[in-house]
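All remarks here apply to the structure that follows.
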Amino acid sequence: MTTPEVAVAYGARSAEYIDLFGRVDAAPAADRRLILEWARGLNGPVLDVGCGPGHWTDYLVRHGVPAEGIEMVPEFLEHARTSFPDASFRAGRLPDLDLPDASAAGILSWYSLIHLAPDELPAALAELARVIRPGGGLLVGFFTGERVEAFPHAVVTAYYWPVDELSRLLAAAGFRVRATASRADPGVRLQATIVAERV
Ligand SMILES: C[S@@+](CC[C@H](N)C(=O)[O-])C[C@H]1O[C@@H](n2cnc3c(N)ncnc32)[C@H](O)[C@@H]1O
């Protein structure tokens with residue numbers, strides 16, 4: 001699937017996605033804590049790349065973190081702008097965010113790298129590294145597994161990433177991995193997070 005095809009697939013199911021996932025209280029409390037604590041530890045603007053409905057961007061702004069959401073699906077952008085007027089949102093996609101070098105203190109990529117094919121990921125991570133300033137942070141949420149493998153995500157094909165393999169790609173892109181975690185919740189795919197610092 002190309003990135004424009006992924007955008008079209010999300011556009012077609014945006015209402016359903018918003019309904020199911022477009023509120024922070026639909027997410028586990030552990031995720032809310034992790035995202036807020038991580039963002040509060042940064043000193044400056046945070047980008048929520050692939051923000052979808054915009055609920056995490058809004059959550060950060062409501063908690064005093066300067067954050068902006070970036071999204072490529074027009075239906076999500078419209079929802080985000082209407083529903084969360086205190087936060088700001090802009091159109092954009094990886095691997096070209098069209099933002100200045102070193103302009104963000106941190107980037108939240110919450111399940112937004114999952115649809116990139118393995119050969120597309122290095123360029124996307126290099127773009128994140130370009131936009132985050134040295135010493136800044138990256139928090140990635142993703143589905144994990146024993147090998148890099150495509151799976152039929154409800155919207156469009158996505159990929160499992162072993163934590164070690166994604167960590168290796170992050171290191172190659174200019175990040176130092178600070179913390180990793182994975183979680184097996186009943187009835188859902190294995191989930192993982194990586195907190196990394198831009199070297
Ligand atoms: C599973 S949703 C996650 C949305 C939101 N972060 C959340 O936690 O609900 C995946 C998101 O990644 C975005 N996305 C997929 N490919 C992308 C790309 N190449 N660049 C930027 N965003 C992308 C999609 O548009 C969608 O909003």
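Values quoted throughout were computed directly from the atomic coordinates according to the rules given, and no laboratory measurement underlies them. Because the structure is predicted, anything quoted here is derived from the model rather than measured. Virtual Cβ from ideal backbone geometry, glycine too; neighbours counted across all protein chains shown.
Provide the per-residue ³J(HN,Hα) series for the stretch 128-139, in order, calculated from phi with Karplus coefficients 6.51, -1.76, 1.60 and θ = phi - 60°, each as a whole number of Hz, with x at glycine and proline positions.
Per residue, the Karplus-derived 3J(HN,Hα) values read 4, 5, 5, 7, 7, 6, x, x, x, x, 9, 10 Hz.
Check which residues have an amide H placed less than 5 Å from residue 149's amide H, if you skip close sequence neighbours.
160
Excluding residue 26 itself, what net charge comes from residues whose Cβ is under 12 Å from its Cβ, given Lys and Arg +1 and Asp and Glu -1?
-1
Considering only DSSP beta bridges where both residues belong to the chain, give the percentage that are antiparallel (nearest 5).
Around 55 percent of the beta bridges assigned by DSSP in the chain are antiparallel ones.
Counting only helical runs of four or more DSSP H residues, what would the 222 nm mean residue ellipticity of the chain come to if each run contributes -39,500 (n - 2.57) and the total is spread over all its residues?
-10500 deg cm²/dmol
Given 4 °C and 1.567 mPa s, how large is the Stokes-Einstein diffusion coefficient of the stretch 11-113 in µm²/s, with Rh as the Kirkwood radius over Cα pairs?
95
For the stretch 1-75 and the stretch 96-142, what is the separation of their C-alpha centers, rounded to whole Å?
14
Dipole size in debye (nearest 20) for the stretch 3-198 around its Cα centre, Lys and Arg Cβ +1, Asp and Glu Cβ -1?
580
When Lys and Arg each count +1 and Asp and Glu each count -1, what net charge do the other residues less than 14 Å away from residue 77, Cβ to Cβ, add up to?
-3
Under a Cβ-only charge scheme (Lys and Arg +1, Asp and Glu -1), can you give me the dipole magnitude of the stretch 32-147 about the Cα centre, in debye to the nearest 20?
My answer is approximately 420 debye.
Using a Förster radius of 35 Å, what is the FRET efficiency between residue 86 and residue 12 based on their Cβ-Cβ separation? Nearest 0.05, please.
Efficiency for this residue pair is about 0.75.
Amide H neighbours of residue 116 under 5 Å, counting only residues 5+ apart in sequence or on other chains, H built in-plane at 1.01 Å?
Residues meeting the amide H criterion: none.
Please turn the phi angles of the stretch 119-126 into ³J(HN,Hα) values with the Karplus equation 6.51 cos²θ - 1.76 cosθ + 1.60 (θ = phi - 60°), one per residue in order, whole Hz, x for glycine and proline.
Listing the rounded values in order: 7, 8, 5, x, 5, 5, 5, 5 Hz.
Work out from phi, with θ = phi - 60° and the Karplus expression 6.51 cos²θ - 1.76 cosθ + 1.60, the ³J(HN,Hα) of each residue of the stretch 26-33, listed in order in whole Hz, and give x for Gly and Pro.
7, 9, x, 4, 4, 5, 4, 5
Can you give the convex hull volume of the alpha carbon atoms of the stretch 3-198 per residue, in Å³?
107
Using Cα pairs closer than 8 Å and at least 6 residues apart in sequence, work out the relative contact order for the chain, in percent.
Relative contact order here is 17 percent.
Residues with amide H under 5 Å of residue 178's amide H, sequence separation 5 or more or different chain, H placed in the peptide plane at 1.01 Å from N; which?
So residue 178 has HN proximity to 195, 196, 197.
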